[in-house]
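**Q** Dumping the structure here so I can ask a few things about it.
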Amino acid sequence: MLVNNFLLLGAVLFCIGVYGVIARKNAVLVLMSVELILNSVNLNLLAFSVMHGNVDGNTFALYIIAVAAAEVGVGLAMVLLVYRNRKSISLDELSEMKG
Amino acid sequence: MLAADVQVAQNIGFGLIAAFMIAGALKVVTSKNVVHAALSLVLVMSGAAAQYLLLSAEFVAVTQVLVYVGAVMVLFLFGVMLTRAKLGREGDLNNAGYKIGIPIALLMLGVMSWVLIDGWEDTKLPQGTSSIPIKPVSDSIFTDYLLPFEALSFVLLAAVIGAIVLARKD
């Protein structure tokens with residue numbers, strides 16, 4: 001197996017996730033795209049961990065999984081709050097902070 | 001560059017799983033149905049767990065299945081339910097100028113693949129590595145990376161409390 005197999009797969013997933021963050025209006029779908037990005041980072045960390053024969057990559061992949069879980073929890077709570085106040089989770093309607 | 005050495009079975013497995021993952025990821029960002037997007041995300045997460053197994057990181061694969069496929073997906077489906085997404089196709093999930101994302105993503109992909117192919121032309125992963133034992137991983141968590149671990153515990157605590165404070169109705 002080439003290390004580039006995994007790195008390129010990670011790059012493809014990352015770019016798809018970036019496209020999702022740019023293109024999506026629904027807040028839940030934006031959070032899903034962020035999860036895609038985090039997964040691609042994990043793939044890279046584990047590939048390098050195997051390549052260098054070092055377990056630090058595994059450790060950080062575990063940390064990233066935990067941080068992603070926390071991020072989804074808080075993110076969805078915020079989405080719920082926005083929905084409760086405005087009856088909509090379209091991100092382009094949240095423009096109060098526009099200068 | 002596929003099947004570059006004798007590990008044919010691994011390469012075929014990698015290719016199949018990678019194809020499923022990319023198809024699922026594309027479905028996540030293009031689907032007109034929020035629930036279908038969430039279910040495609042399950043496909044991507046499970047595929048990622050399988051890739052971690054190919055990378056001989058068994059503990060991370062199991063954690064991925066437990067946390068992502070188990071917990072995070074349930075959270076997402078609850079989020080879809082509580083924000084009363086329509087069951088079925090929904091017209092306005094994309095921004096007005098969403099097409100600008102396509103050239104940006106393709107440009108990023110081009111630059112990243114160029115750098116990766118240029119940098120690790122055909123570096124092979126070490127062959128015949130058995131699975132990474134869990135003992136060095138736990139040793140590394142509780143010795144070298146103890147401070148990030150404690151910070152992470154604090155982040156999780158803050159996230160739990162923050163989510164409750166944000167989402168409760170009073």
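Here, each number is a calculation from the coordinates, and none is a lab measurement. Keep in mind the model is a prediction, meaning the values are calculated, not measured. For neighbour counting, all protein chains shown are included, and Cβ atoms are generated from backbone atoms with ideal geometry for every residue, glycine included.
**Q** For chain A, build the convex hull from the C-alpha positions and give me its volume per residue in Å³.
**A** 103
**Q** Ok, one more. Between their Cα atoms, which of A:Lys25/A:Lys98; A:Lys87/B:Lys99; B:Lys27/B:Lys135; B:Lys32/B:Lys124; B:Lys27/B:Lys124 are more than 29 Å away from each other? Don't skip to the end; give the middle numbers.
**A** Values: A:Lys25/A:Lys98 17 Å; A:Lys87/B:Lys99 27 Å; B:Lys27/B:Lys135 38 Å; B:Lys32/B:Lys124 40 Å; B:Lys27/B:Lys124 31 Å.
Violating the 29 Å limit, Cα to Cα: B:Lys27/B:Lys135; B:Lys32/B:Lys124; B:Lys27/B:Lys124.
**Q** Tell me, rounded to the nearest percent, the portion of alpha carbon pairs in the range B:8-95 spaced more than 21 Å apart.
**A** Details: 1433 of 3828 pairs.
Considering the range B:8-95, 37 percent of its Cα-Cα pairs are separated by more than 21 Å.
**Q** Need one number: convex hull volume per residue for chain B, Cα atoms only, in Å³. Before the final figure, lay out the partial values.
**A** Values: hull volume 29.8 nm³, N = 170.
So the per-residue Cα hull volume is 176 Å³.
**Q** Which listed residue (A:Ser33, A:Leu80, A:Ile16) has the Cα farthest towards the positive end of the charge dipole for the range A:3-87, taking +1 on Lys and Arg C-beta and -1 on Asp and Glu C-beta about the Cα centre?
**A** It is A:Leu80.
**Q** For the residues A:Leu81, A:Leu13, what sequence is obtained by ranking on other C-beta atoms within 10 Å, fewest first? Mind showing how you got there, number by number?
**A** On the way: A:Leu81 14, A:Leu13 27.
Result, fewest neighbours first: A:Leu81, A:Leu13.
**Q** I want to verify the translational diffusion coefficient of the range B:96-140 in µm²/s; compute it with Stokes-Einstein, Rh as the Kirkwood radius over Cα pairs, at 10 °C and 1.306 mPa s. Before the final figure, lay out the partial values.
**A** Working: Rh = 14.4 Å.
Answer, rounded: 110 µm²/s.
**Q** To continue, here is another question. Regarding the range A:47-99, what are the three Cα extents along the principal axes, ordered largest first, in Å?
**A** 51, 23, 14
**Q** Starting from the amide H of A:Ser90, placed 1.01 Å from N in the peptide plane, find each other amide H under 5 Å away whose residue is 5 or more places distant or on another chain.
**A** Placed amide hydrogens put nothing under 5 Å from A:Ser90.
**Q** Less than 18 Å from a label point 7 Å out along the Cα-to-Cβ axis of B:Thr123: which backbone N atoms in the range A:1-43 qualify, by residue?
**A** It comes to A:1-12, A:41-43, nothing else.
**Q** Could I ask something else about it? Largest first and to the nearest Å, give the Cα extent of the protein assembly as shown along each principal axis.
**A** Here the Cα extents, ordered largest to smallest, are 57, 41, 36 Å.
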